[in-house]
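I have placed the structure first, in the form of C-alpha cells, so that the comments after it can refer back to it.
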Amino acid sequence: TWTLLVHHSGVEALLQRDLVASALSLGCAAGGLACAALCGMWGRAAFGAGSALWWQAQLAGFAIGYAALSVVGTTVQAGVAALYVCYAEDPTPLASIAPSLYATFIAQPHVPTGGEAERATST
C-alpha cells in the first residue's frame, strides 16, 4: 500500500506536509495544561497553599488530560491514515467526490526521493 501511495502524483508532497500529528500533539499538550490548571486551583483550594498535595494534583491533572486527549487524537490520526490508504488503493472516487482536491493531488508530478533516485540510477 505504501508503494501505491508514494507513486501517486502529489501524494508524497502531501504526506511531507501532513500537519495532523503535530496539531494533535499540540492539542494534547494544551488540553493537559488546561486540566493541570484546573486541578491545581482545586488542589490549592482543597488542601491549602502550604500543602504539597496541590502540585501533585496538578501533575496528575496534566497526565489525565494529556492521556484523555491522546486517545481521541489517535482516533483522528487513524482516520487520516485510512484516507491516505483509500486514495492509494483507488483514487477515482476522490475525483467524483472532491474534484478540486483530486486536481491538487495530480497537479504535482512525482519527484523521486533520495533512495528512489539512487535505485533508478543503479539499475
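Ligands, DNA and RNA are left out, and with a 1.4 angstrom probe the accessible area of the stretch 40-91 is 63 Å² per residue. Projected onto planes of every orientation and averaged, the convex hull of the alpha-carbon atoms in the stretch 66-105 covers 3.3 nm².
The values are calculated or read from the model by the stated rules, or taken from the named source; none is laboratory data. Quick caveat: nothing in here was measured; it's all calculated off a predicted structure. Surface areas here come from the heavy atoms of the whole protein model, side chains and all, with no ligands, DNA or RNA. Shrake-Rupley method; radii C 1.70, N 1.55, O 1.52, S 1.80 Å.
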